[in-house]
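Each remark here refers to the structure printed beneath this line.
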Amino acid sequence: MTMRRLIATVLSALLAGGTVTVVLTQTTPATAERRAREPIVIAHRGASAHRPEHTLLSYEAAIAMGADYIEPDLVSTKDHVLVARHENEISGTTDVAARPEFAGRRTTKTVDGRPVTGWFTEDFTLAELKTLRAKERVPDLRPGNTAFDGLAEIPTFEEVVRLALEHGVGVYPETKHPTYFDSIGLSLEEPLLDVLHRNRVRKAYIQSFETANLRELRGRTRLPLIQLITSGGAPYDWVAAGSTRTYDDMVTPEGLREVARYADGIGVDTRRVVPVDASGATTRPTRLVADAHRRGLDVHVWTIRNENSQLPADHRMGDPASPAYPRAAGNVMGWLSRLLDLGVDGAFCDDPAMGRAVVAAHAR
């Protein structure tokens, strides 16, 4: 089936009010080795379009859907164990706020220069965190995922790695707030490398929005490193006092040359590749992919999400007046296909089955 026919088939079903069923059974999991020249599908926080993010339920679903890599965001517990959570503040992703025994641990901290109030992983031992249960972070956008609230624990990085190894897929961990965790004596890099090296992980990328920890890691591992770059122009080097460098500087040819000194690729907001205008519609692509490739850097884009509210305006579908419009599926397959046409080397997808289908069709 061609890319156009695949997209047309799925869109016709959606417009007709139908559904596209994803079967979570796969006897030969997708692996990057089998498709060395194809763009990779990175399961963003697992199959987060279908299960609460950063749970073994989500990672297992992503593997069954054909992901090449599963992505755990990593933070530390009080007893220095890495666990998978999008943030170290966990009131939005667990039932901690409803647990009276932990009510006294609600506090306000300054993380990367911003005040944050809630419950923090670094104030809990692993044993205590294991008594909590995960829940859907964005229930208004993904109400179906709330059916899984309360069913899953917070997984450790070790558990995620062993799951990946069992099924032959890669892992793509992100260190969250590494400078902050360094400041409280819970450095992320040492336990991260310990888990990867002890389990003899060969299929992995390590990513970070910061630069200092990637430079440190470059001297300690041969695993590929990915410099994350957001669409804003905020300062990125939080470690170098007085630094005025920005992400905008990083995507220039000179900035990419510097990134290539310590990283193997960049993980960028899609708007760095295809900007959007004031209405949210896409505009002319940038030269970032070509410029990065000239420096020997892979380009992985984030985040490909199915919902209209998460897509560029010219890839949305349906009646904007409908209450269901924001969470209804848009032309996500066409959007990802456009990005693949521009030469990106991988995509972070909330729906790995969609990503797998588009990449497979695009390769034909």
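Restricting attention to segment 305-319, report how many residues are in contact with a helix residue (DSSP H, G or I) (Cβ under 8 Å, 6 or more places away or on another chain) and free of Cβ contacts under 8 Å to residues at least 60 places away in the same chain. Full working, then the answer.
Let us first name the residues in segment 305-319 that are in contact with a helix residue (DSSP H, G or I) (Cβ under 8 Å, 6 or more places away or on another chain), namely 305-309, 311-312, 315-319.
Remaining after also requiring free of Cβ contacts under 8 Å to residues at least 60 places away in the same chain: 308, 311-312, 315-316, 319.
The number of residues fulfilling the criteria is 6.
Can you pull out every residue in segment 273-290 that is under 26 Å from Glu71 (Cα atoms) and surrounded by 14 or more Cβ atoms within 10 Å (Cβ to Cβ)? Give the steps one after another, and end with the answer.
Restricting attention to segment 273-290, the residues satisfying the condition of being under 26 Å from Glu71 (Cα atoms) are 273-275, 288-290.
Once the filter is applied, which keeps residues that are under 26 Å from Glu71 (Cα atoms) and surrounded by 14 or more Cβ atoms within 10 Å (Cβ to Cβ), segment 273-290 yields Val273, Val274, Pro275, Leu288, Val289.
Annotation: of all residues in segment 307-348 being touching a Leu at 6+ places or on another chain (Cβ under 8 Å), of a type in the set (Gly, Ala, Ser) and crowded, with 22+ Cβ neighbours inside 10 Å, the one that is nearest to Pro285 (Cα to Cα) is Ala347. What are the residues in segment 277-290 that are free of Cβ contacts under 8 Å to residues at least 40 places away in the same chain and assigned to a helix (DSSP H, G or I), if any? Across segment 277-290, the qualifying residue is only Leu288. Within segment 244-280, the set of residues being in contact with an Asp or Glu (Cβ under 6 Å, 6 or more places away or on another chain) and farther than 22 Å from Glu216 by Cβ comprises just one member, Pro253.
Yes/no matrix, rows are residues, columns are (1) farther than 19 Å from His362 by Cα; (2) modelled with pLDDT under 95; (3) acidic (Asp, Glu):
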position	(1), (2), (3)
Arg272	yes, no, no
Val289	no, no, no
Thr303	no, no, no
Glu307	yes, no, yes
Leu311	yes, no, no
Arg316	yes, no, no
Ala324	yes, no, no
Arg327	yes, no, no
Leu340	no, no, no
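Taking segment 299-342 only, how many residues are of a type in the set (A, V, I, L, M) and either in a helix (DSSP H, G or I) or over 20 Å from the mean Cα position of the chain (by Cα) (or both)? Before the answer, list the steps.
So in segment 299-342, the residues of a type in the set (A, V, I, L, M) come out as 299, 301, 304, 311, 313, 317, 321, 324, 328-329, 332-333, 336, 339-340, 342.
Keeping just the survivors that are either in a helix (DSSP H, G or I) or over 20 Å from the mean Cα position of the chain (by Cα) (or both) gives 313, 317, 321, 324, 328, 332-333, 336, 339-340, 342.
The total comes to 11.
Among the residues of segment 181-221, those that are over 29 Å from Leu57 (Cα atoms), touching a residue at least 24 places away in the same chain (Cβ under 8 Å) and not charged (D, E, K, R) comprise Ile184, Thr211, Ala212, Asn213, Leu214, Leu217, Thr221.
Any idea which of Gly113, Gly104, Gly118, Gly144 is at pLDDT below 95 and either over 16 Å from Ser76 (Cβ atoms) or surrounded by 17 or more Cβ atoms within 10 Å (Cβ to Cβ) (or both)? Full working, then the answer.
Values: Gly104 fails: at pLDDT below 95; Gly118 fails: at pLDDT below 95; Gly144 fails: at pLDDT below 95.
Result of the check over Gly113, Gly104, Gly118, Gly144: Gly113.
Being of a type in the set (Phe, Trp, Tyr) and either under 17 Å from the mean Cα position of the chain (by Cα) or surrounded by fewer than 16 Cβ atoms within 10 Å (Cβ to Cβ) (or both) is true of Tyr172.
The values are calculated or read from the model by the stated rules, or taken from the named source; none is laboratory data. All figures in this text were calculated on a predicted structure; none of them were measured in a lab. Quick reminder, even Gly has a Cβ in these numbers, built from the backbone with ideal geometry, and neighbours come from all protein chains shown.
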